[in-house]
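A.B. asks: Okay, handing you the structure first.
The values are calculated or read from the model by the stated rules, or taken from the named source; none is laboratory data. Model, not experiment: these values are computed from the prediction. FYI the Cβ positions are ideal-geometry reconstructions off the backbone, even for glycines, and counts take in every protein chain you see. Ligands, DNA and RNA are stripped out before the accessible areas are found, and what is left, the full protein with its side chains, is counted by its heavy atoms. Shrake-Rupley method; radii C 1.70, N 1.55, O 1.52, S 1.80 Å.
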Amino acid sequence: MFYKPRHAKPSVAKIRTAACASSGVAMVGLISNPAAAAANPLSASVQGSSEAVNQGLRQTAWDTRNAVHQGVSGLPPHIADAARGAVDNAVNGAFPGLIQERTAPAPAAPVANPGFDTGSCPPAARACIDLAGQRTWLQRNGQVTYGAVPMSSGAQGWETPRGTHHVTRKVQNEVSRQFNNAPMPYSVYFTNNGIAFHEGDVRLLSHGCIHLNHNDAVTYFQDLQVGDMVYVY
């Protein structure tokens, strides 16, 4: 007959699992209660609006969940999985959708439209400008990521220079000192003589710059970086 002494001790693995899972579940239970969390030194610094408090609690729950997942990584798989499941259930109960939100896969990269006419713009260019079509777009490795969008280019005598250029600098709240401090919001310069993408009236020709509607100018400003190729044809 098998006899188990009363003084037999649980395994180290079981002790670690119980400690990690129970502490994680207890912490999630505490932080899911704003009143209790406010009294907890860990969350006492969370101030401001109820939305800010809620975001702080969600972040703390997420950090606690990740700490438990990492803490049991050295245990046997079936024991570690049980601990992870316990803390995940606690987080899902306190903050429904939090784990799914934080672990959702990144959206797929945009795919170029097979029928899109890229003209003579090379795949290496990040921004393309079609002067004849008065259109421009952004691309990456030859795949269109934004546009084409309407634009206006330089008037006669102020023609936008054709060829290969590179972004030299960006100035969000720019003005043109040459033309009576005319506003040039979201300027992305791509020549050394002041030619840039910027917000402007696409119905009016420019002094060489590329006018864009507001949302397009913001997107170009955010997406293009110094050194990126700009191709004009």
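A.B. asks: Kindly provide the set of residues from region 142-161 that are among the polar types (S, T, N, Q), out of contact with any Gly (no Cβ under 9 Å at 6 or more places or on another chain) and open to solvent by less than 30 Å² (accessible area, probe 1.4 Å), ordered by number.
C.D. replies: Within region 142-161, none qualify.
A.B. asks: Here are some conditions: (1) buried (at least 17 other Cβ atoms within 10 Å of the Cβ); (2) not assigned by the TED database to the domain that holds residue 211. Residue 120 meets all but one. Which one does it not meet?
C.D. replies: With respect to (1) buried (at least 17 other Cβ atoms within 10 Å of the Cβ); (2) not assigned by the TED database to the domain that holds residue 211, residue 120 is out only on (1).
A.B. asks: Quick check, is residue 173 under 29 Å from the mean Cα position of the chain (by Cα), polar (S, T, N, Q) and open to solvent by 60 Å² or more (accessible area, probe 1.4 Å)?
C.D. replies: Criteria met by residue 173.
A.B. asks: Now, a different point. Take the residues in region 39-59 that are touching a Ser or Thr at 6+ places or on another chain (Cβ under 8 Å) and open to solvent by less than 30 Å² (accessible area, probe 1.4 Å), then tell me which one is modelled with the highest pLDDT.
C.D. replies: Among those residues, the one meeting the criterion is 57.
A.B. asks: Among the residues of region 77-115, which ones are open to solvent by less than 50 Å² (accessible area, probe 1.4 Å), assigned to a loop (DSSP other than H, G, I, E, B) and at pLDDT 80 or above?
C.D. replies: Of everything in region 77-115, those that are open to solvent by less than 50 Å² (accessible area, probe 1.4 Å), assigned to a loop (DSSP other than H, G, I, E, B) and at pLDDT 80 or above turn out to be 95, 97.
A.B. asks: Right, next: Let me confirm something: among 164, 168, which residue is touching a residue at least 60 places away in the same chain (Cβ under 8 Å), of a type in the set (Val, Ile, Thr), closer than 20 Å to residue 231 by Cα and surrounded by fewer than 18 Cβ atoms within 10 Å (Cβ to Cβ)?
C.D. replies: Within the list 164, 168, the selection yields 164.
A.B. asks: Here's another thing I want to ask about it. If the requirement is being over 15 Å from residue 135 (Cβ atoms), hydrophobic (A, V, I, L, M, F, W, C) and open to solvent by 80 Å² or more (accessible area, probe 1.4 Å), which of these qualifies: 224, 204?
C.D. replies: Just a single option satisfies the conditions, and that option is 204.
A.B. asks: Something else about it: Go through region 176-201 and report how many residues are among the small types (Gly, Ala, Ser) and open to solvent by less than 30 Å² (accessible area, probe 1.4 Å).
C.D. replies: The qualifying residues number 4.
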